[in-house]
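Notes to accompany the following structure.
The values are calculated or read from the model by the stated rules, or taken from the named source; none is laboratory data. From a predicted model like this one, the values you see are computed outputs, not experimental measurements. Here the Cβ positions follow ideal geometry from the backbone for every residue, glycine too, while neighbour counts run over all protein chains shown.
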Amino acid sequence: MASLACPRCLRRSLQDLETTATAIRPQRAAFSTSPSLSANPPKKKAVVAKPSTRQGSALRLTKNTRATNTRPPAVGERKELRKKVVLSNTNALEVLGLNDLSKENLSSDALHALEAKVMGFGDTSVDRLRALKAFKPTQGWNLFRRPASLVRKETTHLLGDIEWVEAGQGSRTVRKVLYGERGSGKSVLQLQALAMASLKGWFVIHIPEAMDLTIAHTSYQPVTTPGGPTRYAQAHFACKLLRNIRDANNHLLSNLRISGEHDIPGQLKPGASLLGLVDVGVKEPARAWPVWQILWEELTLPSAQSKGGPRPPIMFTMDGIDHIMRLSAYLNAEAQPIHAHDLLLPRHFIELLSGRETLPNGGMVLGAVSESNRAASHTLDHALARNEAIQNELTPPAWDPWVKYDKNVQDAMEGVGVQRLQGLSKEEARGIMEYYARSGLIRKAVTSGLISEAWTLAGGGIIGEIEKGTVKARV
Amino acid sequence: MVFIFGVNFLEGALVNRSLRSFYGIGPKVCEGLMARFHIHKTARIRDLSDKQINNMAGELSTMTLENDLRRQVQDNIKRLRDMGSYRGRRHAMGLPVRGQRTRTQILTARKLNRVERKT
């Protein structure tokens, strides 16, 4: 490449200078002799202020204001959304060949053959369970096309209990508390018990959250008996409960007639149906508790004595009974806390559970307690451990003489059956995971490896954790 | 609107909050009052029965509340002042009464400690 410099004077080529100068110097005539100073000096660029980073002179706060084009939620709207129970998901696949729990397969033998399989609930069952508020929003019903549940070993046992009660023709009652860790299926087992009992024509009563009875969020009125202790009725809660019962047991209530002589509030004639009686309590909270008492008296009339039709066995269940095994948040007139056993409705359940009050037509009293995130009631904990040890013919743990136990709870839990719910077996885990797959919620092939993995990660087959790990988790 | 002790309360107002709006009823007194008439924690004014409202009004009228209570407090301070006690003098000077330091942090004393105490 030729050099641009002149070889004689070692200066750079003029032409090259000219060409480069044009780019950097202001334009002027190339051979002008006039001094460059006489020409107008090139205009200096006007100094432009550097734009500041902040736009506008005032601090804008509008950016921080919340958009108000949406209306604020109405009173109770958010709670309604939180408590909403969705029982169907149209995006889930319909499981072909999913059988319903029905009268035909409700025998121990038939159900035993169906163990580790998923069974659906029929429309009638669903309506009744929904009326009882037995479905909870925390359970995964909203993932599947229609409500169904796994038949596990414990379900068959419960059906065995139901059959045992029926075989006794009124002389037998099962009193039991289910307990187990979170997600182990206690509430769903209660729900299955309610569904099976309802199919068998039992009268079903369910209190979905015992907490609602004791946290002092519903009205209470003292009821004094002459010479006796003061107890407290919860009119508004009783009213709500009566409504649930009426909706769930409509078919039974409309066929049963009032048989005894009662001081019936309202315009009811002696031979009226029990449905009319319950309606009185549903309409007026002030009458709900007396109506509950009369209803109970009527239902527990021995069938042989009742003129208003044979009385059915009763299934009475309550979830979260830890809350009624301690002092409640209600205060008596002296501002001292009231024991939950002095509230009439929980007391009624406790009387039945402890066996102090009997069910002449037979029945089942079923409580459920979680082992995690629950109200502190160390007497209940101890009683559960004791009863389980006695049941399994082991040495029961002794009552610690240095600990102050709750005498009410001690007495109530004496002789109550307990059942600790543990994880599923591998076969049951296979049954439920295959159901997930058939509902389109697991895309992978359900192999024994996958089942083992899910079972182990779920703390040994805790069903709630299996669901969480396989269906609800999105990685 | 429900009229209790000279004040009209909205139907939807919490009983707990309504009662505590009176000078002389704080959380503890309110709890005792509500327990006495078997009113639960989350009750609203509309949930009260006539009997409960009447009983409550009767009970409130026997209590020293509002201006009577304010006057009582002022009288107590005045008595201290008239005796010429140290506490009375400190009230008159608007300074802390119970031996607190005065170098800093006496805003509350300046606000409250008067012979004619306002609140």
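Quick notes on this one:
- Exclusive hit being surrounded by fewer than 17 Cβ atoms within 10 Å (Cβ to Cβ) and within 14 Å of chain B (Cβ to nearest Cβ), set A:Pro337, A:Pro401: A:Pro337
- Qualifying residue in region A:397-417 (condition: part of a strand (DSSP E or B), of a type outside the set (Asp, Glu) and touching a residue at least 24 places away in the same chain (Cβ under 8 Å)): yes
- Residue in region A:233-252 that is in contact with a helix residue (DSSP H, G or I) (Cβ under 9 Å, 6 or more places away or on another chain) and either on the phi > 0 side of the Ramachandran plot or of a type in the set (Phe, Trp, Tyr) (or both) present: yes
- Residue that is farthest from the chain's Cα centre (by Cα) [pool: residues in region A:264-302 that are closer than 30 Å to A:Gly168 by Cα and not in a helix (DSSP H, G or I)]: A:Gly271
- Region B:33-52 residues that are facing chain A (nearest Cβ under 7 Å), paired with ones that are of a type in the set (D, E, K, R) (beta carbon under 8 Å, 6 or more apart): B:Ala35/A:Glu334; B:Arg36/B:Glu59
- Taken over region A:248-263, the criterion of being surrounded by 22 or more Cβ atoms within 10 Å (Cβ to Cβ) and either outside any helix (DSSP H, G or I) or within 12 Å of another protein chain (Cβ to nearest Cβ) (or both) is satisfied by A:Asn249, A:Leu256, A:Ile258.
- Count of region A:296-313 residues which are surrounded by fewer than 23 Cβ atoms within 10 Å (Cβ to Cβ) and either of a type outside the set (Ser, Thr, Tyr) or touching a helix residue (DSSP H, G or I) at 6+ places or on another chain (Cβ under 6 Å) (or both): 12
- Region A:437-462, residues that are crowded, with 21+ Cβ neighbours inside 10 Å and part of a helix (DSSP H, G or I): A:Ile451, A:Ala454, A:Trp455
- Failed condition for A:Ala389, given (1) away from chain B (no Cβ under 14 Å); (2) buried (at least 20 other Cβ atoms within 10 Å of the Cβ); (3) modelled with pLDDT of 95 or more: (2)
- Listed by position, the strands (runs of 3 or more DSSP E) inside region A:158-247 whose residues that are within 14 Å of chain B (Cβ to nearest Cβ) and surrounded by 16 or more Cβ atoms within 10 Å (Cβ to Cβ) number at least 2 are A:230-233.
- Residue among A:Glu465, A:Glu428, A:Glu434 that is of a type in the set (Asp, Glu), crowded, with 20+ Cβ neighbours inside 10 Å and within 21 Å of A:Ala92 (Cα to Cα): A:Glu465
- All of A:Thr224, A:Thr317, A:Thr300 fail the test of being touching a His at 6+ places or on another chain (Cβ under 9 Å) and hydroxyl-bearing (Ser, Thr, Tyr), apart from A:Thr317.
- Take the conditions (1) surrounded by fewer than 16 Cβ atoms within 10 Å (Cβ to Cβ); (2) in contact with a Phe, Trp or Tyr (Cβ under 9 Å, 6 or more places away or on another chain); (3) in contact (Cβ under 8 Å) with a residue 12 or more places away in the chain; B:Glu116 misses just one of them, which is (2).
- For region A:122-149, a residue qualifies if it is part of a loop (DSSP other than H, G, I, E, B) and in contact (Cβ under 8 Å) with a residue 24 or more places away in the chain, and the qualifying residues are A:Leu132, A:Lys133, A:Ala134, A:Phe135, A:Lys136, A:Pro137, A:Gln139, A:Phe144, A:Arg145, A:Arg146, A:Pro147.
- All positions within region A:177-197 that are under 20 Å from A:Ser108 (Cβ atoms) and within 21 Å of the chain's Cα centre (by Cα): A:Leu178, A:Gly185, A:Val188, A:Leu189, A:Gln190, A:Leu191, A:Gln192, A:Ala193, A:Leu194, A:Ala195, A:Met196
- Hits in region A:63-121 (condition: in a loop (DSSP other than H, G, I, E, B) and among the hydroxyl-bearing types (Ser, Thr, Tyr)): A:Thr65, A:Thr68, A:Thr70, A:Ser88, A:Thr90, A:Ser102, A:Ser107
- Just one residue in the set A:Ser354, A:Ser377, A:Ser370 is polar (S, T, N, Q), buried (at least 16 other Cβ atoms within 10 Å of the Cβ) and within 30 Å of A:Gln305 (Cβ to Cβ); that residue is A:Ser354.
- A:Ala148 satisfies every condition listed in (1) hydrophobic (A, V, I, L, M, F, W, C); (2) over 23 Å from the mean Cα position of the chain (by Cα); (3) over 19 Å from A:Phe203 (Cα atoms) except (2).
- Selection status of B:Gly24, within 14 Å of another protein chain (Cβ to nearest Cβ), of a type outside the set (Val, Ile, Thr) and either without any contact (Cβ under 8 Å) to a residue 60 or more places away in the chain or closer than 30 Å to B:Val115 by Cβ (or both): no
- B:Ile77 vs. criteria under 23 Å from A:Tyr330 (Cα atoms), away from chain A (no Cβ under 14 Å) and modelled with pLDDT under 95: no
- When we screen B:Glu59, B:Glu11, B:Glu66 for residues that are within 14 Å of chain A (Cβ to nearest Cβ), under 19 Å from the mean Cα position of the chain (by Cα) and at pLDDT below 95, the only hit is B:Glu59.
- Scope region A:306-334; condition under 27 Å from the mean Cα position of the chain (by Cα) and within 14 Å of chain B (Cβ to nearest Cβ); matching residues: A:Leu327, A:Ser328, A:Ala329, A:Tyr330
- For the residues A:Lys186, A:Lys117, the requirement of being of a type in the set (D, E, K, R) and closer than 26 Å to A:Gly362 by Cα singles out A:Lys186.
- Qualifying positions in region B:53-81 - of a type in the set (D, E, K, R), free of Cβ contacts under 8 Å to residues at least 12 places away in the same chain and more than 26 Å from B:Asn8 (Cβ to Cβ): B:Asp75, B:Arg79
- Any hit, region A:378-387, residues being basic (Lys, Arg) and within 26 Å of the chain's Cα centre (by Cα): no
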